[in-house]
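Quick notes on the structure that follows.
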Amino acid sequence: MVMYAWKESFRMGIDHIDNQHRQFFYLLNELDQAIEQRREEDFLDPLLRELDRYIRIHFADEEKLMEGIGFPEIARQRSEHAYFASQLGLLQSRHKSGDARIGASALEFMRDWFMNHIITEDKQYAEFLFAGRTLLA
């Protein structure tokens, strides 16, 4: 069962970014299912590695887009991206040290990040992009 369902209200209207956000959503659901099925120990290491790969690509793509459109809040976005990366590093360290509660912590962090950053913060640069297109038309 999918716990976190993608909604059209999450769409930003930038296809490659929306597809990347869907991938994040997929990872969130995979972790939720692993915890529910009590198989997080088998799944957590590859998930954290995939999440690390994902953020490197996704954050670089977002920041390149923001630079290209002259988004005035890019420094704040970069700071939040750095925060996420640092928190992911802490989760990876906790996992390597054998912390049994890491799955629930990772799920909570990923869920909160999605709701607070992607839905709220990322929508701002999409709105800025599309407002600029309207002004240029």
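The values are calculated or read from the model by the stated rules, or taken from the named source; none is laboratory data. Computed from a predicted model, the values in this text were never measured in an experiment. When we count neighbours, we look across all protein chains shown, and the Cβ atoms used for this are built from the backbone with ideal geometry, even at glycine. Ligands, DNA and RNA are excluded from the accessible area calculation, which covers all protein heavy atoms including side chains. Shrake-Rupley method; radii C 1.70, N 1.55, O 1.52, S 1.80 Å.
Some values worked out for this structure:
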{"item": "Cβ-derived FRET efficiency at R0 30 Å, residue 123 paired with residue 57, nearest 0.05", "result": "0.90"}
{"item": "Charge dipole magnitude, Cβ of K and R +1, D and E -1 - the stretch 4-104, Cα centre, debye nearest 20", "result": "200 debye"}
{"item": "Net charge of neighbours whose Cβ lies under 14 Å from the Cβ of residue 28, counting Lys and Arg as +1 and Asp and Glu as -1", "result": "-4"}
{"item": "Cleavage-rule hits, trypsin sites (Lys or Arg not before Pro), the stretch 70-137, DSSP coil, Cβ neighbours within 10 Å at most 16", "result": "101"}
{"item": "Protein accessible area in the chain, 1.4 Å probe - carbon and sulfur %", "result": "54 percent"}
{"item": "Residues residue 87 and residue 36, FRET efficiency given R0 of 25 Å [Cβ-Cβ distance, rounded to 0.05]", "result": "0.65"}
{"item": "Overall Cα dimensions of the stretch 9-137 - principal axes, largest extent first, Å", "result": "54, 25, 20"}
{"item": "The chain - mean residue ellipticity at 222 nm from DSSP helices (-39,500 (n - 2.57) per run, n ≥ 4, rounded to 500)", "result": "-25500 deg cm²/dmol"}
{"item": "Signed unit charges on C-beta, dipole axis of the stretch 14-91, positive-most listed residue 54, 17, 74", "result": "74"}
{"item": "Area accessible to solvent at residue 26, 1.4 Å probe radius, in Å²", "result": "120 Å²"}
{"item": "Cα-derived Rg to Rh of the stretch 86-137, Kirkwood definition", "result": "1.31"}
{"item": "Dipole moment magnitude, nearest 20 debye, the stretch 53-116 about Cα centre, only Lys, Arg, Asp, Glu C-beta charged", "result": "320 debye"}
{"item": "Expected-Rg normalisation [2.2 N^0.38 Å, Cα atoms] applied to the stretch 22-68", "result": "1.40"}
